[in-house]
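The values are calculated or read from the model by the stated rules, or taken from the named source; none is laboratory data. Please read these numbers as outputs of a predicted model, since none were measured by experiment. Please note: Cβ atoms are built from the backbone with ideal geometry, for glycine as well, and neighbour counts cover all protein chains shown. When the accessible area is computed, the model is the full protein with side chains, heavy atoms only, and any ligands, DNA or RNA have been set aside. Shrake-Rupley method; radii C 1.70, N 1.55, O 1.52, S 1.80 Å.
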Amino acid sequence: RPKTCMRQPCIVGIGGTLRPGSSTQVAVEQALVHAQHLGARTRLFAGPDLAFPFYAPESPDRTEQAVELVEALRLADGLVIGSPGYHGSVSGLIKNALDYAEDLSRDPQPYLDGKSVGLIAAGAGMQAAVTTLGMLRDITHALRGAPTPYGVAFNSADKSDERISQTESQLALLAAQVLQMAQPRPPH
């Protein structure tokens, strides 16, 4: 258990692709850095950290990485979730990771119930990013999470300094809203 998350708000980040340094992973990392500057403890699950077997509810077998993710979700006060836009939806990597929240279904506070969730979507064009952001909101609602009012969607094909600066300020606002809405959980 990440004991460091017991006194300060604990924010868990999930995002990225299997490609090292993906724009989605970088955005989730930046949001977590902003959360740390606001006093939160953070934990990131990105790329290879999420490369575990497809979620199989009928099987109790879990990899060590999957168990760590589920336990981090259980202890989190808030989350930052980022996905690239893949064919009009979230990536399979991110969807599979979120499917593991089903292991929390019998907890006193099931799924992501009441947890603040900041959402980030990247796409090679704004249509893909905005569509993916909407899908992330739908998934968050289905998991009983509370999406922050502000979500970040950005065009990852635009490498301009202006877009990068704008996205950075958006990520700072997202992190602030996650922390504002997060309620630290009492120690177990």
Can we say ARG43 is in a loop (DSSP other than H, G, I, E, B) and among the charged types (D, E, K, R)? no
Can you tell me which residue in the range 16-40 is farthest from ILE164 (Cα to Cα), limited to those that are open to solvent by 50 Å² or more (accessible area, probe 1.4 Å) and touching a Leu at 6+ places or on another chain (Cβ under 6 Å)? LEU38
Please state which of the following conditions MET135 fails to meet, knowing it meets all the rest: (1) touching a residue at least 24 places away in the same chain (Cβ under 8 Å); (2) farther than 18 Å from THR24 by Cβ. (2)
If you take the residues in the range 5-37 that are farther than 27 Å from ALA129 by Cα and over 16 Å from the mean Cα position of the chain (by Cα), which one is modelled with the lowest pLDDT? CYS5
The condition from (1) assigned to a loop (DSSP other than H, G, I, E, B); (2) in contact with a Pro (Cβ under 9 Å, 6 or more places away or on another chain) that PRO48 misses is numbered (1)
Return the pair list, or none, for Cβ contacts closer than 9 Å from residues in the range 3-15 that are of a type in the set (D, E, K, R) to residues that are at pLDDT below 70 and open to solvent by 30 Å² or more (accessible area, probe 1.4 Å), at least 6 apart or on different chains. LYS3/PRO187; ARG7/PRO184; ARG7/PRO187
Give the residue that is surrounded by the most Cβ atoms within 10 Å (Cβ to Cβ), with candidates limited to residues of the range 41-59 that are among the small types (Gly, Ala, Ser) and under 26 Å from SER23 (Cα atoms). ALA46
Could you tell me how many of the residues in the range 4-41 are under 18 Å from SER83 (Cα atoms) and among the polar types (S, T, N, Q)? 6
Which of the residues spanning the range 161-180 are touching a Pro at 6+ places or on another chain (Cβ under 9 Å) and either among the hydroxyl-bearing types (Ser, Thr, Tyr) or under 15 Å from CYS10 (Cβ atoms) (or both)? VAL178, LEU179
Being charged (D, E, K, R), in contact with a strand residue (DSSP E or B) (Cβ under 6 Å, 6 or more places away or on another chain), surrounded by 13 or more Cβ atoms within 10 Å (Cβ to Cβ) and over 19 Å from TYR150 (Cα atoms): is that true of ARG62 here? no
With respect to the numbered conditions (1) basic (Lys, Arg); (2) under 19 Å from VAL178 (Cβ atoms); (3) at pLDDT below 95, which one is the sole condition not fulfilled by ARG163? (2)
For the range 72-188, please list each of the strands (runs of 3 or more DSSP E) lying entirely inside it that holds at least 1 residues being surrounded by fewer than 23 Cβ atoms within 10 Å (Cβ to Cβ). 78-86, 152-155
